[in-house]
Number of protein chains: 2
Amino acid sequence: MTDPFVIFTPSGQRGRVAPGTTVLAAARALGVDLDSVCGGRGICSRCQVAPAFGAFPKHGLTTTEAALSPRNAVEDRYDRIRGLAPGRRLGCQAEILADAIIDVPPESQVHRQVVRKRAEARAITMDPATRLHYVEVREPDMQEPSGDLQRLERALAEQWGIPDAKGDLRTLQMLQPALRKGDWKVTVAVHRDGPEARILHVWPGYYDGGIYGLAIDVGSTTIAGHLCDLATGEVRASVGLMNPQIRFGEDLMSRVSYAMLNPNGAAEMTKAVREALNTLAGQAAAEAGIERALIFEAVIVGNPVMHHLVLGIDPVELGQAPFALATADALHLWAEEIDLTLHPDARLYFLPCIAGHVGADAAAVALSESPQLSDDLMLVVDVGTNAEIFLGNRARVLACSSPTGPAFEGAQISSGQRAAPGAIERVEIDPVTREPRFRVIGTDAWSDDPDFPPDTAITGICGSGIIEVIAEMRLAGLVDASGLIGSAEATGSPRMVAQGRTHAYRLHGDILVTQGDVRAIQLAKSALYAGARLLMDQFGTDTVDRVVLAGAFGAHISPRHAMVLGMIPDCDLARVTSAGNAAGTGARIALLNVAARREVEALVGSIHKVETAIEPRFQEHFVAANAIPHATAAFPHLPPLPEVSFNTGGEGRRRRR
Amino acid sequence: MTDPFVIFTPSGQRGRVAPGTTVLAAARALGVDLDSVCGGRGICSRCQVAPAFGAFPKHGLTTTEAALSPRNAVEDRYDRIRGLAPGRRLGCQAEILADAIIDVPPESQVHRQVVRKRAEARAITMDPATRLHYVEVREPDMQEPSGDLQRLERALAEQWGIPDAKGDLRTLQMLQPALRKGDWKVTVAVHRDGPEARILHVWPGYYDGGIYGLAIDVGSTTIAGHLCDLATGEVRASVGLMNPQIRFGEDLMSRVSYAMLNPNGAAEMTKAVREALNTLAGQAAAEAGIERALIFEAVIVGNPVMHHLVLGIDPVELGQAPFALATADALHLWAEEIDLTLHPDARLYFLPCIAGHVGADAAAVALSESPQLSDDLMLVVDVGTNAEIFLGNRARVLACSSPTGPAFEGAQISSGQRAAPGAIERVEIDPVTREPRFRVIGTDAWSDDPDFPPDTAITGICGSGIIEVIAEMRLAGLVDASGLIGSAEATGSPRMVAQGRTHAYRLHGDILVTQGDVRAIQLAKSALYAGARLLMDQFGTDTVDRVVLAGAFGAHISPRHAMVLGMIPDCDLARVTSAGNAAGTGARIALLNVAARREVEALVGSIHKVETAIEPRFQEHFVAANAIPHATAAFPHLPPLPEVSFNTGGEGRRRRR
């Protein structure tokens, strides 16, 4: 008699197994990804499968219910207590008796995929550093003395193929009572990141209460965290809070200055940010309704200054050339080393930094957007106070940082403000009437909509609003290619306000867009474009296939307006997308997939870094990019822009001298 | 022209080198053990050598002063500032120009030997886990961004062949200022124990202030520490203090009981012993006159209960069969993990435990005495409350623990006391007059010496005293082979005092040796002998070649008296030696020689453990060993003992019923 033939779907893995082999054993033998925490003891139910019966011409197989052994007492008990959906079997109980087709549903796969929202983003394959394993440990024997830990280690080797797990001191402290309370059966959390596997926790008996990890993006302004279930990848809580370091300085350089000028400055900022991380962890655990001590890992990203301050390293060297990082490599630490209270034995992973201006947050963006896996030539721009820019494809990836300054965030803008209720965030200007309409954060209706509440507080313009209004002004012929705002006479619009030798556009009430505002945005966008262009030079290309805008701010930029301003090179607008908080996503990927840590480490090592500050062509590109959209580069994907010129020898002449 | 031929003494390593090769470079090329911290930059002077000039027929070589380049400016400056002894050269400066014979004095050898006091003990070869290295680090370069740590790591790889040293977080925190203060030259302390090398400290420029390590033996009664210079091996301070856990229980079992009966008992004892370790570290540093933060390592040994309590592990399992250790393996920890304040980044090494009754202290004894390296069959007895016993040679090593109880330490003895001033520690009884003379701790003269101060306080008998007096009583015919003390009538000595049905010997004033005392010692010595005998059975031998008495108490036992009592098997008395505090010595070896850690780990893994409690023959041996010296075993190395018998149907008859 021939052994039964079994096909696992969706993987298609197949082979013959001896009759009576359990589905779990067959899956293991054939390399099928079928989960199990209890190791086949009918406890965890992670190995649920759905056998398929009938004729399957595609597989050349007809299967019947006789393919598997009937449901047994373990399955009945499980069904009674926890419920087993119709058609489902426990893989560790059902035995294969004849040819079978067995589907492994996604939730039964160890390496299940966490689907990301964006169509173009890759899925995250679950492969966390910390996992649970249920083991049965041999009892001590006076004839053959050995430590309880050594017998647990042996059990992990024999029952789970983990040959080298070591216990931490805290594991040792909890080990003996747990083994005895669980009658020599325990569940352990094993952390492996790199060559070393460590046992982080021991629960008596079978534990199924979940283990969690935090992905944290420490920004200069906000700190954001995602609390993830380390088994399913599910985001259980997303929290954000202000970086309390703001009281020491609004932007990065003012914080570095604070560290330079105050003897204890760096230490104060370290203390503040670590407190905030603890608050974040507490909020995340509360929001998810879990014990904080069940957080076994955190992955942390941040720009170099934040990275150093979280680590307790004085960032003073990052404030001056040559911008030397204390360390560029990824770091493995105990949470305790940075005073972060999670599980007492929790581990931290800091992504590597790329250069003195291109930090672990940028590395996380690179991991999230993965230009190194793209067939297309891909430009990734993380827009913030500094813009981090990547250009690359499977062949190679280049990176640089460009000093855009804070104009894109509404700073240095006459009516600029943070993105908060009351801020104008979207603008349209009628090209005929030159009248604007806009949308305000906190209100859904446009300003010209009858539903727009007349009492809406309108307090200023945020970053995305300033980009849109200037781009719209350019599209409406109110600003010329050189960035000059036209007068009421030249434009025929009564909204133009004379201010000395220059003009402004009255968007709403006192909220004007001044010549100075346009100049500030021109400087910022020139820096951004020049950085991208420098990478294109190095890459030897004049065009890019795709553009990804990353960063919390990037999520709100309208691609069309960004391109009208010449912030980014010309590209099919349908291929300009926003990646949202890609740094946070990269941190989450590194949390859920340990191989991604090696991937980002390799990527950072292979990325060619271009230092804009010492690259002579940067200045050249910067000057050429001052025009809107650009003095020389073609933007075939944009509609023709009005050919106006408001150079009357005023502000314009002074600039050209 | 043939290249010069160079011979290094005392190693005899030799070979040809290109003319102009420095002595240091030649030594490295030929594998000669020549020290250098500064890497050949003329700073550290560790590479001092003594060239020999003249005719050396033994080597077939005649050398002249022209063999080496003349003393150069670096050596002149060094001589001026620090002094260079006549005939000495700096190996990194002197160039070999012609055939040369060059002596490497012991202090210039990296792997110099620390000579141990005892003739039969092996020397310790210096090979500490923590070493200093002077490196020159490349400055940061914006064109090729990399972290300061990565450039330091590269410098260590290139200049010292340490390819994989990683920095701890604390290293990162101190790294950048040190590199800049030292103008990119720094001295680093690198710790390697096993596969991982970690940078523990960074000093600006060249640092020569010494680094230190502590070898600690945590005994139930006393805690002893040796502070060692990690470059020379020199013991800079030896300190001891009482184990403050004594307030929770005198002996191990009463402390385990305390942990069992009090909810927070184990934690209290952990706190107490950790405080004592901190006191010890402080005292050692003060005695040596060094900064405590220069202690970069500690090696800790102790019996299983002490081992667990230091680690914060509840020892309750060690108080009941099957005496399961939480862990038997060696441990690598940060000093901080057990709240021990040394250098903030200091590392700990705990020796492995052998079994639930045979701890890391016993492993240290095994390392110190190294039966596995002995051609002779060697019995090692660590005498304390529990005796740990090893028997073995190059072929194999057996170990057991035997429950001797505290009688050997003066407990359970009517006039017993700890070894302290006032205690009788040595006794002789005239075989003719049966009159005793004795020596008291704190007084040099014997009691019958005219110099013996008449006002000497004589307060009791300590462990070594009780062994001597009972052995002397046996030699003088006052105690028979069964352990019975004779009456005044039977012995003819007026010192015999009747006590009910038994008799006692008046040693001095109220200080008597009672029948109960003899019985207590008989029980203890029977356990000790039975353990040794059990190992001899397993080994298949009736004799041993050598006996080593270890333990602080072992240092004071007179081998002859121990053998008269039958504490140890018969052996040539000249081959019964004391190893002093061998556990402390073993800890010191593991501190100074990292290879010894692997050696003791391998040894502990290969030792065959014999559990006396479940070995049926133990009881049999125990009964047979009750006689003095023994009921059946021959003691040919002892003189014939008086054949007396005091069995008059009294105490003796009751025992035999």
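Only one of the numbered conditions (1) out of contact with any Pro (no Cβ under 6 Å at 6 or more places or on another chain); (2) within 14 Å of chain B (Cβ to nearest Cβ) is violated by residue A:107, and that is (2). Among A:610, A:547, A:576, A:594, which is the only one that is within 14 Å of another protein chain (Cβ to nearest Cβ) and within 27 Å of the chain's Cα centre (by Cα)? Going through A:610, A:547, A:576, A:594 in turn, the sole match is A:610.
Among the residues here, residue B:455 qualifies as without any contact (Cβ under 8 Å) to a residue 40 or more places away in the chain and either closer than 30 Å to residue B:395 by Cα or not β-branched (Val, Ile, Thr) (or both). Looking across A:490, A:498, A:504, A:481, one residue alone is in a loop (DSSP other than H, G, I, E, B) and either farther than 19 Å from residue A:554 by Cβ or more than 37 Å from the chain's Cα centre (by Cα) (or both). It is A:481. Determine if the stretch A:342-352 includes at least one residue that is under 15 Å from residue A:277 (Cα atoms), of a type in the set (D, E, K, R) and in contact (Cβ under 8 Å) with a residue 12 or more places away in the chain. Yes - at least one qualifying residue is present in the stretch A:342-352. If only residues of the stretch B:376-397 that are touching a Pro at 6+ places or on another chain (Cβ under 9 Å), part of a strand (DSSP E or B) and at pLDDT 95 or above are counted, the one that is farthest from residue B:546 (Cα to Cα) is B:397. Quick check: is even one residue across the stretch A:65-72 surrounded by 16 or more Cβ atoms within 10 Å (Cβ to Cβ) and within 40 Å of the chain's Cα centre (by Cα)? The answer is no, given that none of the residues of the stretch A:65-72 is surrounded by 16 or more Cβ atoms within 10 Å (Cβ to Cβ) and within 40 Å of the chain's Cα centre (by Cα). Filtering the stretch A:407-416 to residues that are surrounded by 20 or more Cβ atoms within 10 Å (Cβ to Cβ) and either in contact with a Pro (Cβ under 6 Å, 6 or more places away or on another chain) or not aliphatic (A, V, I, L, M) (or both) leaves A:408, A:409, A:410, A:415, A:416. Between B:240, B:213, B:225, the distinction of being in contact with a Phe, Trp or Tyr (Cβ under 7 Å, 6 or more places away or on another chain), in a strand (DSSP E or B) and within 28 Å of residue B:364 (Cα to Cα) belongs to B:213 only. Applying a threshold of 7 Å to beta carbon distances and a minimum spacing of six or more residues, or different chains, the list of pairs starting in the stretch A:226-250 at a residue that is within 13 Å of residue A:290 (Cβ to Cβ) and ending at one that is among the basic types (Lys, Arg) and surrounded by 21 or more Cβ atoms within 10 Å (Cβ to Cβ) reads A:228/A:588.
Do the conditions hold for residue B:413, that is, is it of a type outside the set (Gly, Ala, Ser) and within 14 Å of chain A (Cβ to nearest Cβ)? No, not satisfied. Filter the stretch B:613-634 down to the residues that are within 14 Å of chain A (Cβ to nearest Cβ), under 32 Å from the mean Cα position of the chain (by Cα) and in a helix (DSSP H, G or I) and list them by number. Listed by number, the residues that qualify are B:613, B:614, B:618. Of the numbered conditions (1) farther than 30 Å from residue A:188 by Cβ; (2) within 12 Å of chain B (Cβ to nearest Cβ); (3) hydrophobic (A, V, I, L, M, F, W, C), residue A:261 satisfies every one except a single condition; which is it? Here residue A:261 clears every test but (2). Of the residues contained in the stretch A:588-601, one or more are found to be surrounded by 20 or more Cβ atoms within 10 Å (Cβ to Cβ), among the small types (Gly, Ala, Ser) and over 21 Å from residue A:402 (Cβ atoms). Each residue in the stretch A:1-32 was checked for being touching a helix residue (DSSP H, G or I) at 6+ places or on another chain (Cβ under 8 Å) and not in a strand (DSSP E or B), and 4 pass. Taking (1) at pLDDT 95 or above; (2) under 19 Å from residue B:169 (Cα atoms) in turn, residue A:356 satisfies each apart from (1). Residues in the stretch B:347-371 that are small (Gly, Ala, Ser) and assigned to a loop (DSSP other than H, G, I, E, B) were compared, and the one that is nearest to the chain's Cα centre (by Cα) is B:370.
Within the stretch A:312-324, the set of residues being out of contact with any Asp or Glu (no Cβ under 7 Å at 6 or more places or on another chain), on the phi < 0 side of the Ramachandran plot and within 8 Å of chain B (Cβ to nearest Cβ) comprises A:313, A:314, A:316, A:317, A:321. Among the residues that make up the stretch B:390-401, is at least one of them β-branched (Val, Ile, Thr) and closer than 24 Å to residue A:152 by Cα? Within the stretch B:390-401, none of the residues are β-branched (Val, Ile, Thr) and closer than 24 Å to residue A:152 by Cα. Residues of the stretch A:292-311 that are touching a residue at least 60 places away in the same chain (Cβ under 8 Å), over 22 Å from residue B:143 (Cα atoms) and within 14 Å of another protein chain (Cβ to nearest Cβ): A:300, A:309, A:310. Given the condition surrounded by fewer than 22 Cβ atoms within 10 Å (Cβ to Cβ) and either out of contact with any Leu (no Cβ under 6 Å at 6 or more places or on another chain) or of a type in the set (Asp, Glu) (or both), answer yes or no: does some residue in the stretch A:376-384 qualify? Yes: one or more hits. Is at least one residue of the stretch B:278-291 within 14 Å of another protein chain (Cβ to nearest Cβ) and of a type in the set (S, T, N, Q)? Within the stretch B:278-291 (the criterion being within 14 Å of another protein chain (Cβ to nearest Cβ) and of a type in the set (S, T, N, Q)), the answer is no, since none of the residues qualifies. The residues of the stretch B:99-109 that are part of a loop (DSSP other than H, G, I, E, B) and buried (at least 17 other Cβ atoms within 10 Å of the Cβ), listed by number, are B:99, B:104, B:109.
Checked against (1) without any contact (Cβ under 8 Å) to a residue 60 or more places away in the chain; (2) in contact with a Cys (Cβ under 9 Å, 6 or more places away or on another chain), residue A:494 passes all but a single condition, namely (2). Within the stretch A:521-571, being among the basic types (Lys, Arg) and either in a loop (DSSP other than H, G, I, E, B) or touching a strand residue (DSSP E or B) at 6+ places or on another chain (Cβ under 6 Å) (or both) holds for one residue alone: A:546. Picking from residues in the stretch B:303-346 that are part of a loop (DSSP other than H, G, I, E, B) and in contact with a Pro (Cβ under 8 Å, 6 or more places away or on another chain), the one that is farthest from residue A:146 (Cα to Cα) is B:314. Looking across the stretch B:331-344 at every residue that is within 11 Å of chain A (Cβ to nearest Cβ) and either closer than 12 Å to residue B:298 by Cα or hydrophobic (A, V, I, L, M, F, W, C) (or both), the one that is farthest from the chain's Cα centre (by Cα) is identified as B:336.
The values are calculated or read from the model by the stated rules, or taken from the named source; none is laboratory data. Bear in mind that the values here come from a model prediction, so they are computed numbers and not experimental data. Ideal geometry is used to build each Cβ from the backbone, glycine not excepted, and the neighbour counts take in all protein chains shown.
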